Every structure is written in structure tokens, then in C-alpha cells.
Amino acid sequence: MASLVDRMRGHGRIAVGLLFNLLVSICIVFLNKWIYVYHGFPNMSLTLVHFVVTWLGLYICQKLDIFAPKSLPPSRVFLLALSFCGFVVFTNLSLQNNTIGTYQLAKAMTTPVIIAIQTFCYQKTFSTRIQLTLIPITLGVILNSYYDVKFNFLGMVFAALGVLVTSLYQVWVGAKQHELQVNSMQLLYYQAPMSSAMLLVAVPFFEPMFGEGGIFGPWSVSALVSSNCFDSTISNPSSHLLFIITIYNMFGHFKFCITLFGGYVLFKDPLSINQALGILCTLFGILAYTHFKLSEQEGSKSKLAQRP
């Protein structure tokens, strides 16, 4: 009876965590897009604020004993912190310059690029059925982009750079966790302040600091920006906590669909039949990839359990 109650509590915590992450993640995308579309807030400056507030949130978490920080040499996480800057900045620039549908589908290309990096740089092998799922994912992204009436060449460049740097970051995160023997929150705790320092140096070269369009300009959206900072504070740690939960992969598809639907409703993005086919094609590929990946993981666990 006690074990049943413990399992129910555990499942309840996972459900609450997933719902919490869903709401926060979607809010971040919509609030960011709202700020870019209607207020023109500077991109890198907003990312800098996110990083600072994320670190403050993690600092509070470790003070509450949610995780224990581990001392890491800065040189070992420098490239990771740099790629963290790049993937967030380029992804936000993609969101700023593309429709939410194109932005969201472009992010799906992270899976094929990660597989390519791991295949050619780390000599990792993937089954044929996993490789075949990359065809509908890629085809769907191409279809959506080609028939997007709001197609933006610069936006697609940012999207491509965002996918490349995000893929590198995700591969490196896994490698660094294994190399340094740390969990994702311990790693992020050191990444966030280092990434903040990098952006602090870079921002004055790319964006005005004062006056119209500057972070210290005459903004009347302080409440909106504050709510967005709050979202980043709780979303990054919650995403890292959920990163180890297998079901989070499936839950991600739900977020994918809601974000697409919300973009077309809130920002009146036009949607052609061919775009819809592209979205369905990509979603089919993602679902197939997740199904085969989980099946292979379960098969590996079963083989390990059967070993004498």
C-alpha cells in the first residue's frame, strides 16, 4: 500500500512538472514574439536579461537544496557557454524574423543535424529505421518554408544557424555531463553567468544601449519584460529537470502542436494547404523517430537485464 502511494505521488510530481513546463515554455515563445512584433525589443539584450535571471533562479534553487553545485574549471565549460549564447540568440532571431510555424518547424531539424554530427564526428551508428524518419522531418520543413507566404530569407539564415549551434550544444552538453560527472542543473549553474558575461561584452557592438531601441531606452513595457524574465527563470531549470524523463519526449509533441496553433491564432499567420501538409509530414517524422528511439532504448534495457 505504501509503495502504491509513493508511486502515485511520483507520477503526480511528474505530471505537475510536465504541465508546469508546458505552460511556461509556450508563454516564453508567445511573449518573446509579442515583444519582437509589437515593441521591437533588442534581441541580444533580452537574451542577456534571460541569462542573468536564469542564473539567479538557479542560485535560489541551490540555496533551497534542490541541487548541490559542483566546482568546475571555467576552461572546461567555456565552449559550452559560448554555444549556449549562440543557440539562444540565433533561435530568438529566428523567432523574431519568421512566423511561429516556420520557427517551430525549423527547430525540428535539430534531430537530423544531431544525428549527422554524432555519425560523422563521433562515429555513432543509428538504425536504418531511425535514419528513415529523418526524410519526412526534413521534407516537411522544406514544404512549410517553401510555401510560407511570409518567407524571410534572413529569418531562414538565422533559423539554420540556430539549428546548427543548438545541435552542437546538445551534443556537447551530453559529453560534458559525462566528462565532468555533473547533472544538467549543475552544468547550467556555471554556464549561465559565463554566457551572461559573454553577451554583456557583445551587446554594445550589435545593439544600442540607450535611446530609442536600446535596452535602457524609453520602454513602456516593463511589466511585459518582467513577466518574460520570470518565465525564463522557471523554464530553464524545469526543462533541465525534465530532460531525464523519457515521457518528456512525447510531451514535447503536444507543446509543438499547441505552439503552432497559437501562432496562427494570436499572430494571424496565414496557413496554406501545402504548409499544413508540411507540418503533418514533420510531425509524423518526429513521432516515428520518438517511437523507434524509445523502442530501441527499451530493447537495450531488456538485454542488460537478461545478462547473467
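The values are calculated or read from the model by the stated rules, or taken from the named source; none is laboratory data. The model shown is predicted, which means the values in this text are computed figures rather than measured ones. Quick reminder, even Gly has a Cβ in these numbers, built from the backbone with ideal geometry, and neighbours come from all protein chains shown. Protein only, heavy atoms only, side chains kept; ligands, DNA and RNA dropped before computing areas. Shrake-Rupley method; radii C 1.70, N 1.55, O 1.52, S 1.80 Å.
For Val113, are the conditions met, namely being over 23 Å from Gly299 (Cα atoms), assigned to a helix (DSSP H, G or I) and in contact with a Cys (Cβ under 9 Å, 6 or more places away or on another chain)? Outline the logic, then answer.
On the way: over 23 Å from Gly299 (Cα atoms): yes; assigned to a helix (DSSP H, G or I): yes; in contact with a Cys (Cβ under 9 Å, 6 or more places away or on another chain): no.
No.
Just one of the numbered conditions (1) in a helix (DSSP H, G or I); (2) among the polar types (S, T, N, Q); (3) without any contact (Cβ under 8 Å) to a residue 60 or more places away in the chain is not true of Ser71; which one?
All conditions pass for Ser71, except number (1).
From Leu79, Leu56, Leu46, grab the single residue that is open to solvent by 20 Å² or more (accessible area, probe 1.4 Å), modelled with pLDDT under 90 and part of a helix (DSSP H, G or I).
On inspection, the qualifying residue turns out to be Leu56.
Taking the stated definitions as given, is Thr99 crowded, with 20+ Cβ neighbours inside 10 Å, within 30 Å of Cys281 (Cα to Cα) and either in contact (Cβ under 8 Å) with a residue 12 or more places away in the chain or not hydrophobic (A, V, I, L, M, F, W, C) (or both)?
yes
Looking at segment 96-118 only, could you name the residues that are touching a Phe, Trp or Tyr at 6+ places or on another chain (Cβ under 7 Å) and at pLDDT 85 or above?
Residues satisfying the conditions are Asn97, Thr111, Ile115.
Consider Ile66 carefully, then state whether it is outside any helix (DSSP H, G or I), of a type in the set (Val, Ile, Thr) and open to solvent by 70 Å² or more (accessible area, probe 1.4 Å).
Considered against the rule, which asks whether it is outside any helix (DSSP H, G or I), of a type in the set (Val, Ile, Thr) and open to solvent by 70 Å² or more (accessible area, probe 1.4 Å), Ile66 comes out as yes.
Yes/no matrix, rows are residues, columns are (1) closer than 27 Å to Ser272 by Cβ; (2) without any contact (Cβ under 8 Å) to a residue 24 or more places away in the chain; (3) open to solvent by 50 Å² or more (accessible area, probe 1.4 Å); (4) among the small types (Gly, Ala, Ser):
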site: Asn144; (1), (2), (3), (4): yes, no, no, no
site: Phe153; (1), (2), (3), (4): yes, yes, yes, no
site: Met156; (1), (2), (3), (4): yes, no, no, no
site: Val163; (1), (2), (3), (4): yes, no, no, no
site: Ala175; (1), (2), (3), (4): no, yes, no, yes
site: Val182; (1), (2), (3), (4): no, no, no, no
site: Met185; (1), (2), (3), (4): no, no, no, no
site: Ser195; (1), (2), (3), (4): no, no, no, yes
site: Met198; (1), (2), (3), (4): no, no, no, no
